[in-house]
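To keep things clear, I will list the structure first and then write my remarks on it.
Rule-based calculations on the coordinates, nothing more; no lab input. These figures come from a predicted structure and were not determined experimentally. Heads up, the Cβs are rebuilt from the backbone with ideal geometry, glycines too, and the neighbour counts pull from every protein chain shown.
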Amino acid sequence: MSVSKELNLQKAFLLHSRPYRDSSLLVNLLTEQNGHVSAVVYIGKSKKTNKKGLLQPFACLLVELKGNNDLKSLSRIEHADKSLALSGDFLFSGFYLNELMVRLLPENIPCESLFQLYQTSLHKLLQQSSLEPMLRKFELTLLAELGFSLDFHGLEQQSAQPSMQISEPSGNEVHFVPEQGFVQADFDLSLPRYNLLHIIAIGDGKLEPADVLLTCKRLMRQVLQSYLGEKPLNSRKLFNNRFAK
């Protein structure tokens with residue numbers, strides 16, 4: 001039996017932390033076995049303790065969680081791997097993924113496939129791979145994990161020219177209506193309009209064309225906003241501040 005199993009250790013990533021009472025932190029973790037977990041970790045006042053130093057974003061950790069309540073106690077922390085040194089837009093994108101999960105992902109529900117995708121996404125950010133396809137895939141997977149998968153079935157039947165190439169203009173447009181899904185565009189509705197062929201491509205996982213990626217970005221912003229509510233994402237402000245300079 002491995003040492004990690006003997007000690008009930010599991011892989012985890014720090015999503016967010018903040019001070020909590022005296023000499024403690026309240027942390028949000030994405031764990032391999034338990035999904036999104038909130039936990040208290042005592043860091044002490046002594047300079048000898050290294051728990052705070054270990055709790056860095058984008059570092060794969062080994063953690064031991066204790067407690068039967070929703071708020072766990074983080075009793076042991078080790079590094080499973082070194083922290084990934086992200087920078088620029090790739091760093092901001094990492095914070096964006098973290099904030100989405102803290103805001104949207106229910107606690108104490110296993111989501112191993114999302115954990116694996118997050119780990120893969122971080123390495124793509126480190127390699128400075130193309131951002132947009134990676135972000136859109138993560139958003140779509142997160143929605144599926146939340147039980148909010150978009151229903152793309154039957155869209156091809158709405159297309160007057162289903163054989164048309166994606167890059168060609170189309171008069172066929174749709175709205176996304178919360179609780180209903182995709183509906184034929186109506187000029188009376190003050191909702192974003194999306195090219196139907198782009199939406200079909202997104203449903204087929206064909207995100208490579210730039211115009212499809214742009215449509216997917218607009219769609220994800222609308223869909224996620226309905227679940228995030230009015231409070232803006234702090235990570236999005238990082239992008240906005242960069243462009244404002």
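Not counting the cut sites, what is the longest span of the chain without GluC sites (Glu not before Pro) that DSSP labels loop and that have at most 14 other Cβ atoms within 10 Å?
Working: sites that count: Glu179, Glu230.
Between exposed loop sites, the widest span is 1-178.
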I'd like the orientation of helix 210-228 relative to the chain: the angle between its Cα long axis and the longest Cα principal axis, in ° from 0 to 90, rounded to 10. 60 degrees
Once both axes come from the Cα atoms, what is the angle between helix 234-244 and the longest principal axis of the chain, in degrees from 0 to 90, rounded to 10? 70 degrees
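Quick one: pull the percentage of alpha-carbon pairs in the chain with a separation above 25 Å.
Details: 15022 of 29890 pairs.
That fraction is 50 percent.
A 24 angstrom limit on the alpha carbon distance is what I want to check against. Which of Lys11/Lys124; Lys137/Lys237; Lys206/Lys237 exceed it?
Details: Lys11/Lys124 19 Å; Lys137/Lys237 22 Å; Lys206/Lys237 29 Å.
Result: Lys206/Lys237 exceed 24 Å.
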A student applying the Cα gyration tensor rule (rounded when a/c is under 1.5; otherwise prolate if a/b is larger than b/c, oblate if not) would label segment 23-73 oblate
Restricting to Cα pairs below 8 Å that are 6+ residues apart, what does the relative contact order work out to for the chain? Please round to a whole percent. 15 percent
Distance between segment 172-245 and segment 72-109 - C-alpha centres, whole angstrom: 25 Å
0 to 90° range, to nearest 10: angle between helix 112-126 axis and the chain longest Cα axis: 90 degrees
Between the DSSP loop rule and a limit of at most 16 other Cβ atoms within 10 Å, which trypsin sites (Lys or Arg not before Pro) in segment 186-221 are left? Arg193, Lys206
Largest-first ellipsoid semi-axes for segment 3-145, taking √(5λ) over the Cα gyration tensor eigenvalues, angstrom: 25, 17, 14
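Nearest 5 is fine: what % of DSSP beta bridges in the chain come out antiparallel, could you say? Can you show the working numbers first?
Numbers: 30 of 34 bridges.
Here the share of antiparallel DSSP bridges comes out near 90 percent.
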Based only on other Cβ atoms within 10 Å, what is the fewest-to-most ordering of Thr215, Thr141, Thr120? Thr120, Thr141, Thr215
Rounded, prolate or oblate: which fits segment 77-144, taking a ≥ b ≥ c as square roots of the Cα gyration tensor eigenvalues, rounded meaning a/c under 1.5, else prolate when a/b beats b/c? oblate
